[in-house]
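Notes follow the structure.
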Amino acid sequence: MNITDLGFIKGFIRMAADGYNKGWHERNGGNLTYRLKKSEVEEACSWFNQNAPLIKLDSAIPGLGGEYFLVTGSGKFFRNIEQNPNENIGICKLDEKGANYRVVWGLENDAVPTSEFPSHLMNHAAKIRAKGDSYRVVYHCHTTNIIALTFLLPLDANVFTRSLWEMITECSIVFPDGVGVMPWVLCGGFEIAEKSAELMKDYDVIIWAHHGIFCAGEDFDLTFGLADTIEKAAEILIKVLSISPDKLQTITTENFKELAKAFNVTLPEKFLN
Ligand code: 2HA
Ligand code: ZN
């Protein structure tokens with residue numbers, strides 16, 4: 001038995017491979033983090049080095065003290081994760097203040113967590129504040145058609161949400177809260193982390209203009225499924241727009257209200273005008 005045979009690590013590696021195979025992780029594009037459950041820490045801890053050096057975070061993330069995260073490495077390629085997990089992913093433990101961390105497993109040969117680690121941590125914390133303990137996955141990917149749309153549509157949550165909802169009947173049920181949209185912001189820094197965390201209070205998905213998707217979910221299936229659904233809707237929209245800017249018919253506001261009632265979801269009023 002190896003640590004990489006544990007269910008949560010296998011799930012993480014499978015999601016990374018699926019994202020790569022979708023074409024969302026060219027070169028070192030994208031990053032993924034998973035907040036371990038207590039039971040997963042217990043099953044994995046015999047492989048941990050609790051004496052690894054402490055590394056300081058740029059700013060402390062209160063609310064995450066003592067948490068363990070499985071993370072992709074900075075500069076690492078999703079393409080290589082399945083073949084060589086030990087060098088491309090790792091588990092980090094935050095100290096009690098949420099101000100420092102240790103790499104307790106993986107990221108071998110001096111690798112470090114993803115450049116978006118501060119973004120991921122701030123967004124895990126935002127989700128815990130908004131939804132409690134259930135959200136565990138934060139995922140960033142370079143989805144082709146969503147990125148293309150950020151050159152064509154106004155960078156507005158209302159426009160993106162309605163345009164994507166209209167592309168597949170199930171969309172409004174899969175992401176009833178809609179999608180947040182951010183203008184172009186420098187990647188890897190505090191600003192993108194902070195702006196994303198602000199939007200994460202209301203949305204599970206944020207579109208980073210000319211960059212990709214940043215999303216959160218309760219497990220690997222739901223988070224990958226969310227990115228997959230949104231990117232598929234974007235692909236259909238790109239096909240529609242490529243043929244004609246004018247739709248002959250679409251899913252209407254009345255239809256969305258019917259869907260909400262039938263599937264027992266609440267669709268925010270701001271997206272139903
Ligand atoms: O990890 O995609 O946004 C590389 C990136 C940064
Ligand atoms: Zn990126």
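The values are calculated or read from the model by the stated rules, or taken from the named source; none is laboratory data. All values derive from a computational prediction rather than experimental measurement. Positions of Cβ are backbone-derived with ideal geometry, glycine not excepted, and every protein chain shown enters the neighbour counts.
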field: Subset of the stretch 219-251 [hydroxyl-bearing (Ser, Thr, Tyr) and surrounded by fewer than 11 Cβ atoms within 10 Å (Cβ to Cβ)]
entry: Ser242, Ser244
query: Are any residues in the stretch 131-184 β-branched (Val, Ile, Thr), under 17 Å from the mean Cα position of the chain (by Cα) and assigned to a loop (DSSP other than H, G, I, E, B), and if so, which ones?
result: Thr143, Val179
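Name every residue in the stretch 19-34 that is in contact with a strand residue (DSSP E or B) (Cβ under 7 Å, 6 or more places away or on another chain) and assigned to a helix (DSSP H, G or I), in order of residue number. Can you show your working first?
Within the stretch 19-34, the subset in contact with a strand residue (DSSP E or B) (Cβ under 7 Å, 6 or more places away or on another chain) is 19, 24-25, 30-34.
Gly19 - this is the single residue of the stretch 19-34 that is in contact with a strand residue (DSSP E or B) (Cβ under 7 Å, 6 or more places away or on another chain) and assigned to a helix (DSSP H, G or I).
Please tell me if Thr72 is touching a Phe, Trp or Tyr at 6+ places or on another chain (Cβ under 9 Å) and farther than 30 Å from Leu237 by Cα. Give the steps one after another, and end with the answer.
Details: touching a Phe, Trp or Tyr at 6+ places or on another chain (Cβ under 9 Å): yes; farther than 30 Å from Leu237 by Cα: yes.
Spelling it out, Thr72 is indeed touching a Phe, Trp or Tyr at 6+ places or on another chain (Cβ under 9 Å) and farther than 30 Å from Leu237 by Cα.
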- request: Kindly indicate whether Lys127 is crowded, with 16+ Cβ neighbours inside 10 Å, among the basic types (Lys, Arg) and touching a helix residue (DSSP H, G or I) at 6+ places or on another chain (Cβ under 8 Å).
  value: yes
field: Search result, residues across the stretch 105-130 that are over 16 Å from Gly29 (Cβ atoms), part of a helix (DSSP H, G or I) and modelled with pLDDT of 95 or more
entry: Leu121, Met122, Asn123, His124, Ala125, Ala126, Lys127, Ile128, Arg129, Ala130
- request: Spot the failing condition for Val205; the list is (1) within 16 Å of ligand 2 (Cβ to nearest atom); (2) in contact (Cβ under 8 Å) with a residue 40 or more places away in the chain, and only one is missed.
  value: (2)
message: Being in contact (Cβ under 8 Å) with a residue 12 or more places away in the chain, under 14 Å from Lys201 (Cα atoms) and either within 16 Å of ligand 2 (Cβ to nearest atom) or of a type in the set (Gly, Ala, Ser) (or both) narrows it down to one residue among Ala148, Ala130; which is it?
response: Ala130
- prompt: Given (1) surrounded by fewer than 24 Cβ atoms within 10 Å (Cβ to Cβ); (2) at pLDDT 95 or above, where does Trp165 come up short, assuming only one miss?
  reply: (1)
message: Please count how many residues of the stretch 57-85 are more than 19 Å from the chain's Cα centre (by Cα) and either part of a strand (DSSP E or B) or without any contact (Cβ under 8 Å) to a residue 60 or more places away in the chain (or both).
response: 6
